[in-house]
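Read through the structure below, which is laid out as structure tokens, and then see the notes.
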Amino acid sequence: MVLRHLGVKMDIRGIDQLLSQLQTATGTSADDNSGSGFSDLLKKSIDQVNTQQQDATKLAQAFSAGSGQASLNEVMASLQQASLSFQTMVQVRDKLVTAYQDIMNMQV
């Protein structure tokens with residue numbers, strides 16, 4: 001899956017690979033039926049950000065086409081919320097990568 005925001009493409013396949021490595025290191029499986037695992041929470045959050053991005057884009061396209069579905073205020077607020085959620089997700093990803101690198105560099 002590739003998320004696009006303001007011309008920035010973010011490939012989240014790397015996040016899936018990171019999660020699978022963390023699951024291997026902790027001995028957990030992606031098929032666990034707990035439903036409340038960290039990876040499930042992370043995937044749901046990424047899906048929500050993606051949905052918010054798509055909704056904001058559709059609303060902006062509808063506004064620019066003049067369909068009258070949304071006002072300028074709604075479009076701007078939606079785009080700002082999508083931007084903020086994307087930036088937050090990028091920050092979380094950066095923190096996860098840093099934490100993973102710190103753990104992998106620890107001496108046992």
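The values are calculated or read from the model by the stated rules, or taken from the named source; none is laboratory data. Predicted model, so just to flag it, every value in this text is computed and none were measured. Cβ atoms come from the backbone with ideal geometry, glycine included; neighbour counts cover every protein chain shown.
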Is it the case that some residue within the range 24-39 is at pLDDT 85 or above and in contact with a Ser or Thr (Cβ under 9 Å, 6 or more places away or on another chain)? no
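Conditions tested, residue by residue: (1) over 11 Å from the mean Cα position of the chain (by Cα); (2) of a type outside the set (Ser, Thr, Tyr); (3) not in a helix (DSSP H, G or I).
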position: Thr51; (1), (2), (3): no, no, no
position: Gln54; (1), (2), (3): yes, yes, no
position: Asn73; (1), (2), (3): yes, yes, no
position: Val90; (1), (2), (3): no, yes, no
position: Val97; (1), (2), (3): yes, yes, no
Of the residues in the range 77-102, how many are loosely packed, with under 11 Cβ neighbours inside 10 Å and among the aliphatic types (A, V, I, L, M)? 0
